[in-house]
Amino acid sequence: MRRDVRILLVGDEGVGKSTIVTSLIKESFVPHVQHIVPEVTIPPEVTPENVTTYIVDSGAGPQDRLHLESEIRKAHVICVVYAIDNPNSFDRIPAYWLPHFRQLGVNVPVILVGNKIDLRGGEVTNEALEEEIIPIMTEFKEVETCVECSAKLPLNVSEVFYFAQKAVLHPTAPLYDSREHVLKPACVHALRRIFALCDTNKDGILDAAELNEFQRKCFDAPLQAQELEGIKAMVQEHAQGGIRDEGLTEAGFLYLHTIFIQRGRLETTWTVLRKFGYAEDLRLTESFLLPKFEVPPDCSVELSPLGYQFFTDIFEIFDKDMDGALNFMELKELFGTSPGNPWAAQKFPDTTLSDDSGSVTLQGWLAQWSMTTLLDHKTTLAYLAYLGYPGEPRTAALQVTRPRKTDRRKGKVTRNVFLCYVCGAAGSGKTSLLRAFANKSFQPTYEPTSKMITVVNAVDIDGSEKYLVMQEFGSRYEAETLRNPKKTDIADVIVYVYDSSDTNSFSYISNLRQQYNLDHIPTLFVATKSDMDLAMQVGDLRESDVVKR
(Lines give C-alpha, C1' and ligand atoms only; values in the text may rest on other atoms or scores of the structure.)
Protein backbone atom coordinates (compact mmCIF):
# COMPACT_ATOMS: atom_id res chain seq x y z
CA MET A 1 0.00 0.00 0.00
CA ARG A 2 1.29 3.45 -0.91
CA ARG A 3 2.55 5.72 1.84
CA ASP A 4 1.39 9.04 0.37
CA VAL A 5 -1.73 10.42 -1.30
CA ARG A 6 -1.86 13.46 -3.56
CA ILE A 7 -5.35 15.03 -3.68
CA LEU A 8 -6.14 17.63 -6.34
CA LEU A 9 -9.20 19.92 -6.21
CA VAL A 10 -10.49 21.13 -9.57
CA GLY A 11 -13.68 22.83 -10.70
CA ASP A 12 -15.11 25.99 -12.20
CA GLU A 13 -14.28 29.41 -10.80
CA GLY A 14 -16.23 30.35 -7.68
CA VAL A 15 -17.32 26.86 -6.61
CA GLY A 16 -15.30 27.10 -3.37
CA LYS A 17 -12.22 24.93 -3.89
CA SER A 18 -9.87 27.21 -1.96
CA THR A 19 -12.45 27.78 0.78
CA ILE A 20 -12.82 24.00 1.29
CA VAL A 21 -9.06 23.62 1.77
CA THR A 22 -8.92 26.58 4.13
CA SER A 23 -11.89 25.32 6.17
CA LEU A 24 -10.16 21.96 6.58
CA ILE A 25 -6.94 23.54 7.83
CA LYS A 26 -8.50 26.25 10.02
CA GLU A 27 -11.46 24.09 11.11
CA SER A 28 -13.65 27.13 10.58
CA PHE A 29 -14.95 29.30 7.74
CA VAL A 30 -12.62 31.99 6.40
CA PRO A 31 -14.64 34.50 4.32
CA HIS A 32 -11.76 35.89 2.28
CA VAL A 33 -9.15 33.46 0.92
CA GLN A 34 -6.48 33.79 -1.72
CA HIS A 35 -7.24 32.74 -5.29
CA ILE A 36 -5.20 29.51 -5.05
CA VAL A 37 -4.18 28.13 -1.66
CA PRO A 38 -0.55 26.84 -1.56
CA GLU A 39 -0.05 23.09 -1.41
CA VAL A 40 -0.86 21.66 2.03
CA THR A 41 1.02 18.70 3.54
CA ILE A 42 -0.70 16.67 6.26
CA PRO A 43 1.72 14.37 8.14
CA PRO A 44 0.83 10.68 8.52
CA GLU A 45 0.41 10.76 12.30
CA VAL A 46 -2.73 12.92 12.03
CA THR A 47 -4.47 10.85 9.35
CA PRO A 48 -6.49 7.66 10.07
CA GLU A 49 -4.69 5.80 7.28
CA ASN A 50 -1.21 6.80 8.51
CA VAL A 51 -0.16 8.22 5.13
CA THR A 52 1.31 11.56 4.14
CA THR A 53 -1.39 13.56 2.38
CA TYR A 54 -0.78 16.39 -0.08
CA ILE A 55 -3.75 18.67 -0.85
CA VAL A 56 -3.40 20.74 -4.01
CA ASP A 57 -5.68 23.63 -4.95
CA SER A 58 -6.05 24.81 -8.54
CA GLY A 59 -7.47 27.62 -10.67
CA ALA A 60 -9.71 27.29 -13.71
CA GLY A 61 -8.75 30.44 -15.62
CA PRO A 62 -6.90 30.46 -18.95
CA GLN A 63 -3.72 31.59 -17.16
CA ASP A 64 -3.91 28.47 -14.93
CA ARG A 65 -4.24 25.90 -17.74
CA LEU A 66 -0.64 24.65 -18.00
CA HIS A 67 -0.21 24.40 -14.23
CA LEU A 68 -3.60 22.68 -13.89
CA GLU A 69 -2.78 20.05 -16.51
CA SER A 70 0.56 19.37 -14.81
CA GLU A 71 -1.16 18.84 -11.45
CA ILE A 72 -3.86 16.63 -13.00
CA ARG A 73 -1.13 14.31 -14.27
CA LYS A 74 0.54 14.17 -10.83
CA ALA A 75 -2.64 13.58 -8.81
CA HIS A 76 -3.51 10.25 -7.19
CA VAL A 77 -7.16 11.31 -6.84
CA ILE A 78 -9.10 14.27 -8.22
CA CYS A 79 -11.95 16.02 -6.39
CA VAL A 80 -14.19 17.80 -8.89
CA VAL A 81 -15.97 20.53 -6.95
CA TYR A 82 -19.29 22.03 -8.04
CA ALA A 83 -21.56 24.55 -6.33
CA ILE A 84 -25.03 23.46 -5.23
CA ASP A 85 -26.38 26.91 -6.16
CA ASN A 86 -24.79 26.80 -9.64
CA PRO A 87 -26.29 23.96 -11.75
CA ASN A 88 -24.00 24.84 -14.65
CA SER A 89 -20.94 23.92 -12.55
CA PHE A 90 -22.49 20.45 -12.10
CA ASP A 91 -23.43 20.08 -15.77
CA ARG A 92 -19.84 20.82 -16.79
CA ILE A 93 -18.53 17.78 -14.88
CA PRO A 94 -19.64 15.20 -17.51
CA ALA A 95 -19.50 17.74 -20.33
CA TYR A 96 -15.99 19.10 -19.72
CA TRP A 97 -14.03 17.98 -16.66
CA LEU A 98 -14.25 14.19 -16.89
CA PRO A 99 -13.63 14.08 -20.68
CA HIS A 100 -10.71 16.47 -20.13
CA PHE A 101 -9.03 14.03 -17.71
CA ARG A 102 -9.38 11.25 -20.26
CA GLN A 103 -7.94 13.42 -23.04
CA LEU A 104 -4.87 13.92 -20.85
CA GLY A 105 -4.53 10.13 -20.45
CA VAL A 106 -5.22 10.34 -16.72
CA ASN A 107 -6.93 7.35 -15.09
CA VAL A 108 -7.23 8.01 -11.36
CA PRO A 109 -10.23 7.89 -9.01
CA VAL A 110 -12.54 10.90 -9.07
CA ILE A 111 -14.67 12.21 -6.21
CA LEU A 112 -17.54 14.58 -6.98
CA VAL A 113 -17.87 17.27 -4.31
CA GLY A 114 -21.05 19.35 -4.02
CA ASN A 115 -20.17 22.48 -2.05
CA LYS A 116 -22.41 25.17 -0.51
CA ILE A 117 -25.20 22.88 0.71
CA ASP A 118 -25.99 25.68 3.14
CA LEU A 119 -27.45 27.56 0.16
CA ARG A 120 -29.81 24.78 -0.86
CA GLY A 121 -33.47 25.48 -0.35
CA GLY A 122 -35.23 22.53 1.28
CA GLU A 123 -34.05 18.96 1.79
CA VAL A 124 -32.82 16.59 -0.92
CA THR A 125 -33.24 12.85 -0.45
CA ASN A 126 -30.50 10.32 -1.15
CA GLU A 127 -32.70 8.98 -3.96
CA ALA A 128 -32.80 12.37 -5.66
CA LEU A 129 -29.02 12.74 -5.36
CA GLU A 130 -28.51 9.24 -6.80
CA GLU A 131 -30.70 10.11 -9.80
CA GLU A 132 -28.27 12.92 -10.62
CA ILE A 133 -25.04 11.04 -9.91
CA ILE A 134 -25.68 7.50 -11.20
CA PRO A 135 -25.79 8.46 -14.92
CA ILE A 136 -22.36 10.09 -14.51
CA MET A 137 -20.95 7.09 -12.61
CA THR A 138 -22.33 4.75 -15.27
CA GLU A 139 -20.61 6.63 -18.09
CA PHE A 140 -17.41 7.45 -16.19
CA LYS A 141 -16.22 4.44 -14.19
CA GLU A 142 -13.45 6.49 -12.59
CA VAL A 143 -16.03 8.33 -10.45
CA GLU A 144 -15.95 6.64 -7.04
CA THR A 145 -18.58 8.58 -5.08
CA CYS A 146 -20.18 11.95 -4.43
CA VAL A 147 -19.89 13.95 -1.20
CA GLU A 148 -21.87 17.06 -0.35
CA CYS A 149 -20.38 19.60 2.02
CA SER A 150 -20.40 23.20 3.19
CA ALA A 151 -17.13 25.06 3.65
CA LYS A 152 -19.08 27.85 5.36
CA LEU A 153 -20.77 25.90 8.18
CA PRO A 154 -18.33 23.89 7.97
CA LEU A 155 -20.00 20.52 7.33
CA ASN A 156 -18.58 17.28 5.86
CA VAL A 157 -15.35 19.01 4.83
CA SER A 158 -13.11 16.38 6.45
CA GLU A 159 -15.27 13.67 4.85
CA VAL A 160 -14.31 14.99 1.42
CA PHE A 161 -10.65 14.24 2.05
CA TYR A 162 -11.39 11.00 3.89
CA PHE A 163 -13.21 9.64 0.83
CA ALA A 164 -10.46 10.96 -1.43
CA GLN A 165 -7.83 9.10 0.59
CA LYS A 166 -9.99 6.01 0.64
CA ALA A 167 -10.42 6.09 -3.14
CA VAL A 168 -6.63 5.85 -3.52
CA LEU A 169 -5.82 3.45 -0.70
CA HIS A 170 -8.91 1.23 -1.00
CA PRO A 171 -10.23 1.71 -4.54
CA THR A 172 -13.59 0.32 -5.57
CA ALA A 173 -12.91 -0.16 -9.28
CA PRO A 174 -10.67 -3.27 -9.11
CA LEU A 175 -13.11 -5.06 -6.78
CA TYR A 176 -16.65 -4.16 -7.61
CA ASP A 177 -18.85 -3.48 -10.62
CA SER A 178 -21.00 -0.58 -9.42
CA ARG A 179 -23.38 -0.88 -12.38
CA GLU A 180 -24.05 -4.62 -11.96
CA HIS A 181 -23.62 -4.56 -8.14
CA VAL A 182 -21.37 -7.64 -8.17
CA LEU A 183 -17.75 -8.47 -7.39
CA LYS A 184 -15.49 -8.34 -10.42
CA PRO A 185 -14.06 -11.65 -11.74
CA ALA A 186 -10.48 -10.89 -10.64
CA CYS A 187 -11.70 -10.11 -7.13
CA VAL A 188 -13.76 -13.30 -7.02
CA HIS A 189 -10.73 -15.31 -8.17
CA ALA A 190 -8.49 -13.78 -5.48
CA LEU A 191 -11.05 -14.28 -2.70
CA ARG A 192 -11.68 -17.88 -3.76
CA ARG A 193 -7.96 -18.55 -3.58
CA ILE A 194 -7.78 -16.98 -0.10
CA PHE A 195 -10.74 -19.09 1.01
CA ALA A 196 -9.04 -22.25 -0.27
CA LEU A 197 -5.81 -21.42 1.58
CA CYS A 198 -7.67 -20.71 4.83
CA ASP A 199 -9.63 -23.95 4.52
CA THR A 200 -6.72 -25.89 5.96
CA ASN A 201 -8.50 -29.23 6.27
CA LYS A 202 -10.00 -28.89 2.74
CA ASP A 203 -13.56 -29.73 3.79
CA GLY A 204 -15.08 -26.82 1.84
CA ILE A 205 -16.00 -24.69 4.86
CA LEU A 206 -14.24 -22.37 7.28
CA ASP A 207 -14.98 -23.62 10.77
CA ALA A 208 -14.60 -21.55 13.94
CA ALA A 209 -10.89 -22.36 14.32
CA GLU A 210 -10.11 -21.54 10.68
CA LEU A 211 -12.10 -18.29 10.85
CA ASN A 212 -10.22 -17.30 14.01
CA GLU A 213 -6.88 -17.97 12.34
CA PHE A 214 -8.03 -15.95 9.31
CA GLN A 215 -9.05 -13.08 11.59
CA ARG A 216 -5.74 -13.21 13.45
CA LYS A 217 -3.70 -13.23 10.24
CA CYS A 218 -5.57 -10.33 8.64
CA PHE A 219 -6.54 -8.16 11.60
CA ASP A 220 -4.26 -9.26 14.46
CA ALA A 221 -7.24 -10.02 16.68
CA PRO A 222 -9.35 -13.11 17.42
CA LEU A 223 -12.98 -13.29 16.34
CA GLN A 224 -15.25 -13.01 19.36
CA ALA A 225 -17.89 -15.73 19.73
CA GLN A 226 -20.71 -13.17 19.59
CA GLU A 227 -19.28 -11.64 16.40
CA LEU A 228 -19.00 -15.06 14.80
CA GLU A 229 -22.59 -15.94 15.60
CA GLY A 230 -23.76 -12.59 14.22
CA ILE A 231 -21.86 -13.12 10.97
CA LYS A 232 -23.22 -16.63 10.57
CA ALA A 233 -26.78 -15.49 11.26
CA MET A 234 -26.54 -12.72 8.65
CA VAL A 235 -25.06 -15.03 6.02
CA GLN A 236 -27.60 -17.74 6.81
CA GLU A 237 -30.43 -15.26 6.25
CA HIS A 238 -29.21 -13.57 3.07
CA ALA A 239 -26.85 -15.96 1.23
CA GLN A 240 -28.22 -19.26 0.04
CA GLY A 241 -25.73 -22.02 0.82
CA GLY A 242 -23.52 -19.59 2.73
CA ILE A 243 -23.49 -21.70 5.90
CA ARG A 244 -23.00 -25.46 6.08
CA ASP A 245 -22.31 -27.62 9.13
CA GLU A 246 -21.92 -24.48 11.25
CA GLY A 247 -19.14 -23.28 8.95
CA LEU A 248 -18.79 -20.54 6.32
CA THR A 249 -18.81 -21.78 2.72
CA GLU A 250 -17.06 -20.15 -0.21
CA ALA A 251 -20.39 -18.62 -1.27
CA GLY A 252 -20.81 -17.17 2.23
CA PHE A 253 -17.26 -15.82 2.20
CA LEU A 254 -17.87 -14.04 -1.11
CA TYR A 255 -21.20 -12.69 0.13
CA LEU A 256 -19.54 -11.15 3.20
CA HIS A 257 -17.04 -9.26 1.08
CA THR A 258 -19.78 -8.09 -1.26
CA ILE A 259 -21.62 -6.66 1.76
CA PHE A 260 -18.43 -5.03 3.10
CA ILE A 261 -17.93 -3.24 -0.22
CA GLN A 262 -21.57 -2.24 -0.63
CA ARG A 263 -21.52 -0.73 2.86
CA GLY A 264 -18.39 1.28 2.13
CA ARG A 265 -16.02 -0.94 4.13
CA LEU A 266 -13.60 -1.48 1.28
CA GLU A 267 -10.67 -1.27 3.68
CA THR A 268 -11.78 -4.62 5.15
CA THR A 269 -11.57 -6.45 1.82
CA TRP A 270 -8.37 -4.64 0.83
CA THR A 271 -6.75 -5.55 4.16
CA VAL A 272 -7.50 -9.22 3.48
CA LEU A 273 -6.22 -9.05 -0.09
CA ARG A 274 -3.00 -7.27 0.89
CA LYS A 275 -2.29 -9.68 3.74
CA PHE A 276 -2.34 -12.44 1.14
CA GLY A 277 0.05 -10.57 -1.15
CA TYR A 278 -2.27 -8.88 -3.65
CA ALA A 279 -1.57 -5.48 -5.23
CA GLU A 280 -4.11 -3.02 -6.63
CA ASP A 281 -4.22 -4.93 -9.93
CA LEU A 282 -5.22 -8.02 -7.92
CA ARG A 283 -2.04 -9.84 -8.84
CA LEU A 284 0.37 -11.23 -6.30
CA THR A 285 3.26 -8.82 -5.91
CA GLU A 286 6.79 -9.83 -6.81
CA SER A 287 7.99 -8.84 -3.33
CA PHE A 288 5.44 -11.22 -1.83
CA LEU A 289 6.29 -14.13 -4.12
CA LEU A 290 10.04 -13.56 -3.98
CA PRO A 291 11.13 -12.12 -0.63
CA LYS A 292 14.77 -11.20 -0.28
CA PHE A 293 16.94 -14.30 0.00
CA GLU A 294 20.68 -14.00 -0.48
CA VAL A 295 22.72 -16.94 -1.79
CA PRO A 296 26.50 -16.40 -1.51
CA PRO A 297 28.79 -17.66 -4.26
CA ASP A 298 29.67 -21.37 -4.23
CA CYS A 299 26.66 -22.13 -2.00
CA SER A 300 23.46 -23.95 -2.86
CA VAL A 301 19.91 -23.83 -1.52
CA GLU A 302 18.01 -26.69 0.09
CA LEU A 303 14.74 -27.16 1.89
CA SER A 304 15.03 -26.73 5.64
CA PRO A 305 13.28 -29.14 8.04
CA LEU A 306 10.38 -26.63 8.11
CA GLY A 307 10.20 -26.76 4.32
CA TYR A 308 10.17 -30.55 4.20
CA GLN A 309 7.48 -30.59 6.91
CA PHE A 310 5.27 -28.19 4.95
CA PHE A 311 5.50 -30.20 1.72
CA THR A 312 4.87 -33.41 3.68
CA ASP A 313 1.80 -31.91 5.35
CA ILE A 314 0.32 -30.59 2.12
CA PHE A 315 0.94 -33.97 0.43
CA GLU A 316 -1.00 -35.76 3.16
CA ILE A 317 -3.86 -33.24 3.09
CA PHE A 318 -4.45 -33.69 -0.64
CA ASP A 319 -3.91 -37.47 -0.66
CA LYS A 320 -7.69 -37.85 -0.35
CA ASP A 321 -7.76 -41.60 -1.04
CA MET A 322 -4.87 -42.12 1.42
CA ASP A 323 -3.02 -44.43 -0.95
CA GLY A 324 0.36 -42.78 -0.31
CA ALA A 325 0.51 -41.11 -3.73
CA LEU A 326 -0.95 -38.07 -5.49
CA ASN A 327 -2.83 -38.83 -8.69
CA PHE A 328 -3.55 -36.35 -11.49
CA MET A 329 -6.75 -34.97 -9.96
CA GLU A 330 -5.23 -34.68 -6.48
CA LEU A 331 -2.26 -32.77 -7.94
CA LYS A 332 -4.62 -30.52 -9.88
CA GLU A 333 -6.51 -29.66 -6.70
CA LEU A 334 -3.28 -29.16 -4.75
CA PHE A 335 -1.99 -26.67 -7.33
CA GLY A 336 -5.40 -24.97 -7.55
CA THR A 337 -4.16 -21.92 -5.62
CA SER A 338 -1.16 -21.51 -7.94
CA PRO A 339 -0.58 -20.88 -11.67
CA GLY A 340 -0.45 -24.67 -12.08
CA ASN A 341 1.99 -27.55 -11.89
CA PRO A 342 5.49 -25.99 -12.09
CA TRP A 343 6.89 -29.13 -13.73
CA ALA A 344 4.23 -29.59 -16.42
CA ALA A 345 6.80 -28.99 -19.18
CA GLN A 346 9.33 -31.43 -17.66
CA LYS A 347 7.44 -34.73 -18.21
CA PHE A 348 6.61 -34.89 -14.50
CA PRO A 349 6.25 -37.37 -12.80
CA ASP A 350 8.80 -39.18 -15.00
CA THR A 351 11.37 -36.96 -13.28
CA THR A 352 10.91 -38.59 -9.89
CA LEU A 353 9.48 -41.61 -8.08
CA SER A 354 5.90 -42.62 -8.82
CA ASP A 355 3.80 -45.73 -8.42
CA ASP A 356 2.71 -48.09 -11.19
CA SER A 357 -0.22 -45.84 -12.13
CA GLY A 358 1.97 -42.76 -12.49
CA SER A 359 0.91 -41.15 -9.21
CA VAL A 360 3.78 -39.44 -7.41
CA THR A 361 4.73 -40.93 -4.06
CA LEU A 362 5.66 -38.93 -0.97
CA GLN A 363 9.33 -39.80 -1.48
CA GLY A 364 9.09 -38.69 -5.10
CA TRP A 365 7.22 -35.51 -4.10
CA LEU A 366 9.89 -34.49 -1.60
CA ALA A 367 12.65 -35.45 -4.03
CA GLN A 368 11.06 -33.28 -6.75
CA TRP A 369 10.93 -30.25 -4.43
CA SER A 370 14.53 -30.93 -3.35
CA MET A 371 15.57 -30.83 -7.00
CA THR A 372 13.53 -27.69 -7.72
CA THR A 373 15.03 -25.90 -4.73
CA LEU A 374 18.57 -26.80 -5.79
CA LEU A 375 18.14 -25.75 -9.43
CA ASP A 376 15.74 -22.81 -9.03
CA HIS A 377 15.03 -21.83 -5.43
CA LYS A 378 12.94 -18.84 -6.60
CA THR A 379 10.33 -21.25 -7.97
CA THR A 380 10.16 -22.97 -4.59
CA LEU A 381 9.85 -19.61 -2.79
CA ALA A 382 7.01 -18.56 -5.07
CA TYR A 383 5.17 -21.86 -4.68
CA LEU A 384 5.49 -21.72 -0.92
CA ALA A 385 3.49 -18.49 -1.25
CA TYR A 386 1.03 -19.92 -3.77
CA LEU A 387 0.37 -22.99 -1.63
CA GLY A 388 -0.02 -21.08 1.62
CA TYR A 389 3.12 -21.72 3.67
CA PRO A 390 1.93 -20.66 7.14
CA GLY A 391 5.13 -19.46 8.78
CA GLU A 392 6.85 -16.09 8.74
CA PRO A 393 9.31 -15.46 7.31
CA ARG A 394 8.66 -17.81 4.43
CA THR A 395 12.39 -17.97 3.74
CA ALA A 396 12.67 -20.13 6.88
CA ALA A 397 11.50 -23.02 4.67
CA LEU A 398 14.86 -22.80 2.85
CA GLN A 399 18.44 -22.98 4.00
CA VAL A 400 21.74 -22.02 2.39
CA THR A 401 24.52 -24.58 2.44
CA ARG A 402 28.09 -23.71 3.28
CA PRO A 403 30.43 -23.15 0.29
CA ARG A 404 31.52 -26.22 -1.65
CA LYS A 405 35.16 -25.17 -1.25
CA THR A 406 34.75 -25.29 2.52
CA ASP A 407 33.33 -28.80 2.30
CA ARG A 408 36.27 -29.90 0.15
CA ARG A 409 38.82 -28.29 2.45
CA LYS A 410 37.36 -29.88 5.56
CA GLY A 411 36.80 -33.21 3.86
CA LYS A 412 33.22 -33.35 5.10
CA VAL A 413 30.11 -32.63 3.07
CA THR A 414 27.20 -31.02 4.94
CA ARG A 415 24.83 -30.73 2.00
CA ASN A 416 21.88 -33.03 1.36
CA VAL A 417 21.21 -32.45 -2.35
CA PHE A 418 23.82 -33.00 -5.07
CA LEU A 419 23.97 -32.23 -8.77
CA CYS A 420 25.34 -34.70 -11.30
CA TYR A 421 25.90 -34.00 -15.01
CA VAL A 422 25.53 -36.99 -17.33
CA CYS A 423 27.56 -36.69 -20.53
CA GLY A 424 28.28 -38.97 -23.43
CA ALA A 425 27.82 -39.58 -27.13
CA ALA A 426 24.37 -39.78 -28.70
CA GLY A 427 22.91 -43.26 -28.31
CA SER A 428 25.25 -44.23 -25.46
CA GLY A 429 22.34 -44.82 -23.05
CA LYS A 430 22.27 -41.64 -20.97
CA THR A 431 18.48 -41.33 -21.00
CA SER A 432 18.05 -45.00 -20.10
CA LEU A 433 20.45 -44.52 -17.20
CA LEU A 434 18.39 -41.57 -15.92
CA ARG A 435 15.11 -43.45 -16.31
CA ALA A 436 16.51 -46.41 -14.41
CA PHE A 437 17.71 -44.08 -11.65
CA ALA A 438 14.13 -42.74 -11.28
CA ASN A 439 12.77 -46.33 -11.30
CA LYS A 440 11.12 -45.90 -14.71
CA SER A 441 10.71 -48.70 -17.23
CA PHE A 442 13.23 -49.26 -20.01
CA GLN A 443 12.22 -47.88 -23.41
CA PRO A 444 13.68 -49.99 -26.24
CA THR A 445 13.00 -47.40 -28.95
CA TYR A 446 15.79 -44.83 -29.24
CA GLU A 447 14.80 -41.15 -29.27
CA PRO A 448 17.52 -38.50 -29.46
CA THR A 449 17.52 -36.08 -26.54
CA SER A 450 16.38 -32.74 -27.93
CA LYS A 451 16.18 -30.83 -24.64
CA MET A 452 17.54 -31.23 -21.14
CA ILE A 453 16.29 -34.13 -19.03
CA THR A 454 16.49 -33.94 -15.24
CA VAL A 455 15.60 -36.64 -12.71
CA VAL A 456 16.00 -37.02 -8.97
CA ASN A 457 16.00 -39.81 -6.44
CA ALA A 458 17.10 -40.43 -2.90
CA VAL A 459 20.35 -42.29 -2.25
CA ASP A 460 21.63 -43.75 0.99
CA ILE A 461 25.08 -42.61 2.09
CA ASP A 462 26.35 -44.17 5.30
CA GLY A 463 22.81 -44.58 6.60
CA SER A 464 21.84 -41.00 5.76
CA GLU A 465 19.37 -40.13 2.99
CA LYS A 466 20.60 -37.68 0.38
CA TYR A 467 19.11 -36.54 -2.92
CA LEU A 468 20.94 -36.86 -6.22
CA VAL A 469 19.84 -34.77 -9.19
CA MET A 470 21.01 -36.07 -12.57
CA GLN A 471 20.95 -33.92 -15.70
CA GLU A 472 21.39 -34.91 -19.33
CA PHE A 473 21.74 -32.05 -21.82
CA GLY A 474 21.73 -33.81 -25.15
CA SER A 475 24.59 -33.54 -27.61
CA ARG A 476 23.30 -30.17 -28.79
CA TYR A 477 23.73 -28.41 -25.43
CA GLU A 478 26.38 -30.53 -23.77
CA ALA A 479 29.38 -28.54 -25.02
CA GLU A 480 27.62 -25.26 -24.23
CA THR A 481 27.20 -26.38 -20.62
CA LEU A 482 30.71 -27.70 -20.15
CA ARG A 483 32.37 -24.55 -21.47
CA ASN A 484 30.41 -22.35 -19.05
CA PRO A 485 32.26 -21.99 -15.71
CA LYS A 486 29.05 -20.89 -13.97
CA LYS A 487 27.51 -24.22 -14.94
CA THR A 488 30.47 -26.45 -14.16
CA ASP A 489 31.11 -24.77 -10.79
CA ILE A 490 27.75 -25.98 -9.45
CA ALA A 491 28.26 -29.60 -10.53
CA ASP A 492 29.20 -32.01 -7.75
CA VAL A 493 30.07 -34.89 -10.07
CA ILE A 494 30.16 -35.72 -13.78
CA VAL A 495 29.16 -39.15 -15.02
CA TYR A 496 30.58 -39.99 -18.45
CA VAL A 497 28.50 -42.63 -20.22
CA TYR A 498 29.76 -44.69 -23.15
CA ASP A 499 28.37 -47.61 -25.08
CA SER A 500 30.60 -50.61 -24.37
CA SER A 501 29.45 -52.25 -27.62
CA ASP A 502 30.46 -49.26 -29.78
CA THR A 503 34.19 -48.90 -30.55
CA ASN A 504 33.96 -45.12 -31.04
CA SER A 505 31.70 -44.26 -28.12
CA PHE A 506 34.46 -43.58 -25.61
CA SER A 507 36.42 -41.34 -27.97
CA TYR A 508 33.61 -38.77 -27.65
CA ILE A 509 34.28 -38.61 -23.91
CA SER A 510 38.04 -38.35 -24.46
CA ASN A 511 37.51 -35.39 -26.76
CA LEU A 512 35.26 -33.68 -24.23
CA ARG A 513 37.80 -34.05 -21.45
CA GLN A 514 40.60 -32.77 -23.64
CA GLN A 515 38.58 -29.81 -24.83
CA TYR A 516 37.32 -28.59 -21.44
CA ASN A 517 39.08 -28.26 -18.10
CA LEU A 518 36.97 -30.56 -15.92
CA ASP A 519 39.56 -32.40 -13.87
CA HIS A 520 38.58 -30.52 -10.69
CA ILE A 521 35.12 -32.14 -10.74
CA PRO A 522 34.77 -35.69 -9.34
CA THR A 523 34.26 -38.07 -12.24
CA LEU A 524 32.67 -41.46 -12.83
CA PHE A 525 32.78 -43.47 -16.07
CA VAL A 526 29.83 -45.75 -16.80
CA ALA A 527 29.94 -48.41 -19.52
CA THR A 528 26.40 -49.21 -20.70
CA LYS A 529 24.91 -52.10 -22.72
CA SER A 530 27.10 -54.67 -21.00
CA ASP A 531 24.55 -57.30 -22.09
CA MET A 532 25.87 -56.89 -25.65
CA ASP A 533 29.21 -57.88 -27.17
CA LEU A 534 32.06 -55.90 -25.66
CA ALA A 535 34.00 -53.73 -28.15
CA MET A 536 37.55 -52.43 -27.77
CA GLN A 537 37.32 -48.71 -26.96
CA VAL A 538 39.47 -46.01 -28.51
CA GLY A 539 40.89 -43.71 -25.82
CA ASP A 540 42.77 -43.66 -22.55
CA LEU A 541 40.84 -45.09 -19.58
CA ARG A 542 41.81 -46.64 -16.28
CA GLU A 543 39.89 -49.83 -15.60
CA SER A 544 39.26 -48.76 -12.00
CA ASP A 545 37.27 -45.75 -13.24
CA VAL A 546 34.68 -47.86 -15.05
CA VAL A 547 31.34 -49.01 -13.67
CA LYS A 548 29.63 -51.49 -15.97
CA ARG A 549 25.87 -51.52 -16.43
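Key figures
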read-out: Single residue of segment 139-181 satisfying the filter (in a helix (DSSP H, G or I) and open to solvent by 50 Å² or more (accessible area, probe 1.4 Å)) that is farthest from Pro48 (Cα to Cα); value: Glu139
read-out: In segment 226-248, the residues that are assigned to a loop (DSSP other than H, G, I, E, B) and farther than 21 Å from Val182 by Cβ; value: Asp245, Glu246
read-out: Filtered residue count, segment 35-49, keeping only those that are part of a helix (DSSP H, G or I) and either of a type in the set (Val, Ile, Thr) or modelled with pLDDT of 95 or more (or both); value: 1
read-out: Matching option when the condition is open to solvent by less than 70 Å² (accessible area, probe 1.4 Å) and either over 27 Å from Glu227 (Cβ atoms) or aliphatic (A, V, I, L, M) (or both), among Ala128, Ala209; value: Ala128
read-out: Qualifying position, being assigned to a helix (DSSP H, G or I) and open to solvent by 30 Å² or more (accessible area, probe 1.4 Å), among Lys217, Lys202; value: Lys217
read-out: Selection within segment 514-540 - open to solvent by 30 Å² or more (accessible area, probe 1.4 Å) and in contact with a strand residue (DSSP E or B) (Cβ under 6 Å, 6 or more places away or on another chain); value: Pro522, Thr523, Leu524, Lys529, Ser530
read-out: Candidate set from segment 448-476 (those that are at pLDDT 95 or above and polar (S, T, N, Q)); member that is nearest to Ile490 (Cα to Cα); value: Gln471
read-out: Segment 1-49, residues that are among the aliphatic types (A, V, I, L, M) and either closer than 25 Å to Thr269 by Cα or open to solvent by less than 30 Å² (accessible area, probe 1.4 Å) (or both); value: Met1, Val5, Ile7, Leu8, Leu9, Val10, Val15, Ile20, Val21, Val37, Val40, Val46
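The values are calculated or read from the model by the stated rules, or taken from the named source; none is laboratory data. What you are looking at is a predicted structure, and each value in this text was computed from that prediction instead of being measured. Note that we place each Cβ from the backbone using ideal geometry, even for glycine, and neighbour counts take in every protein chain shown. The area values use the complete protein model at the heavy-atom level, side chains included, leaving out ligands, DNA and RNA. Shrake-Rupley method; radii C 1.70, N 1.55, O 1.52, S 1.80 Å.
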